[in-house]
Structures are given as C-alpha cells and as structure tokens.
Amino acid sequence: MPLLSFTQMRSGSVILAAVAMLTGCSGIADDAPPLEKYGAVNFLGKRTGSNTASAVTTVVFFEAVGLQIPNSSLQQTDQCVFSPVDTLPTAARGDRKAGSAIGITVGGSTRQLTYVDAEQRYITPVGQPIRYAVGDVGQVTVPGDGTNFPAISGSVKLVEPLEVGPVVVPAAGQNMSVTWNGTNDPTAAIILQLKYPNPAATSFANEQVYCALKDDGAVVIPGGLLTQFQAAGTRRSLTLVRWRTNLVSNNDARLHLTSSIDTTVVIP
C-alpha cells in the first residue's frame, strides 16, 4: 500500500467536480462561439446489498459554450488538496425538453421518465428508484424534440456498491489507512472526503481533505496532513464516492452520462 503524495493547498479549488451535474448558461455576448447542445444523465446510487443498489435518475438538457466535462477515466492517479466543505444544496435544472419522456433501460426493464415542468428536468418519481445489480448498464434513449434537442442515445456501466474497511483514527503524527472494495476498473474513480471542523470549536465540519483517487481499494493519508482533523475530536466523517462516466456525441449534441454511489462513516 503506497504512501500517497499530496499537493498541500488551502484554497477554494478542488481537483475535480466529479459528481456535480453539468450546467449551462445561454446568456453570451454576440461575438462568443455558438452555443452547443448538452444532455446530462445522472444515476445517483444507494447501496441495498453487497451486489445490488438503487438509483435516483435525473436527466437535464441545456445549451452552453466550452463546457468542462468530468471524465472518470482520466482520474487514474491519486491527488489530494485541503478544501472548504461546500454546504450549499444543489439541484440540476435544464432549460429545454428533449421529448415527452426519456427511456431508461436497466437489466432488461425499461422505465419512461416524463418531464417535470416545475423542476425543468426528467427524474424518477419519489420512492421509485431504479434498482440494479453489479454489472448492469444504464441505457438512455432520448427521442428528441425538433430543433430544441436532437434524438440521441447512450449508456454507462452502473457503479458497484461501496464497502469501506474499518476506519481507525491513528495517533498524532501517524499515517491513516483507508480501504474499500476497489474494482481496479480504469473507467471508475473514487473521491474521498475527510471532513472536520477547523477551528475545533466550529459547530459544523467546514474543512476537508479532498482526494481524487484511482479505484484500487486503498490509500494512505500521511499523518502530517491530519493535524486539524485529529484536533477536532468531534463532527468528523469520512465519505467515499465511486463514479463512472461516458460521453456520447453526434453532429448536433453531446450526452454525458454519470453513475455514482457514496457511503459515509461517522468518526467519533
């Protein structure tokens, strides 16, 4: 288990906006490049068993210029930064329809997600997630809506449930080992968030060690980076996120598909 080399930074930037939904803006200057059409599909999973999970699925469509698209296959090295904890709630919204319903096929079963006007998106109804097993693929079929958005389809392999090994807080100055059920799949990646209050008297976790990792099942956090985490004593947690992406393009549009799942361990 190699010792991870960290980039030590105290800034608002993070390595990767991995599981954030894509968003766009249509208000641009007259001399700006032409707007491009994007679709963003997010399978947000929750573990239901060692080999099963369920996913709330959200689909939005919009236009944007020069969008930076997250790619899990490019995150195959281990890097970390210090970062503030983002506590602002987010909700993905689009600015257009791409048909009356979006077809989602998983494990041979197809669901139709209808457009929710009030939320400007397609989403699985509350209490009706899409259930899947390890190895399943999410196939998305977009019928299109004239010049609003073209027909397009794509798929992404749905991420496997996460299982975290025992979490032990080391003595001051000692390294901290974190393990999980790694896939060693080069299309998957891991985000680790070690959250804590700094200063220790802060009433909520406002700082974190934020890591972008390959999904090989183990990382060692150097003890020199844990000083504030150990001083906090309370309101500490460890969150792991596994994510996988795929990007499909045609002449008129791009469809970005993301599957993610997370688990959080509260640390006394």
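What follows is calculated from the coordinates using simple rules that are stated; it is not laboratory data. This is a predicted model, so every value here is computed, not measured. Cβ: placed from backbone, ideal geometry, glycine included. Neighbour counts: every protein chain shown.
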Under 13 Å by backbone N from the virtual spin label 7 Å along Cα-to-Cβ at Ser73, the residues of region 141-165 are 155-157
The simple spin-label model distance between Gln174 and Arg235, using points 7 Å out along Cα→Cβ, in nm, is 2.7 nm
Share (percent) of C-alpha pair distances in region 118-268 greater than 26 Å works out to 44 percent
Checked against the positive end of the charge dipole of the chain (+1 on Cβ of Lys and Arg, -1 on Cβ of Asp and Glu, about the Cα centre), the farthest of Gly94, Val219, Val156 is Val219
Taking the alpha-carbon centre of each part, the distance from region 153-217 to region 67-109 in Å is 18 Å
Computed about the Cα centre, the charge dipole of region 152-235 from +1 Lys/Arg and -1 Asp/Glu charges at the Cβ has a magnitude in debye, to the nearest 20, of 220 debye
Each label sits 7 Å from Cα toward the beta-carbon; between Arg131 and Thr202 the label points are separated, in nm, by 4.1 nm
Taking Cα atoms only, Rg over Rh for the chain with Rh from the Kirkwood formula is 1.00
Note on the chain, DSSP bridge orientation, antiparallel percent to nearest 5 equals 90 percent
Candidates Ala189, Ala231, Ala98; GNM for the chain (alpha-carbon contacts under 10 Å) flags as most fluctuating Ala231
Percent relative contact order for region 36-267, counting Cα pairs under 8 Å at least six residues apart, stands at 26 percent
In debye to the nearest 20, the charge dipole size for the chain, taken about the Cα centre with +1 at each Lys and Arg Cβ and -1 at each Asp and Glu Cβ, equals 580 debye
Connecting every pair of Cα atoms under 10 Å apart in the chain and solving the GNM, the largest mean-square fluctuation among Thr87, Thr141, Thr114 falls on Thr87
Extension length gain for Thr90 and Ser249 (0.36 nm per residue less Cα distance), in nm, is 54.6 nm
Note: probe point = Cα of Arg47 + 7 Å toward Cβ; backbone nitrogen < 13 Å; residues of region 134-169 passing the test are 160-167
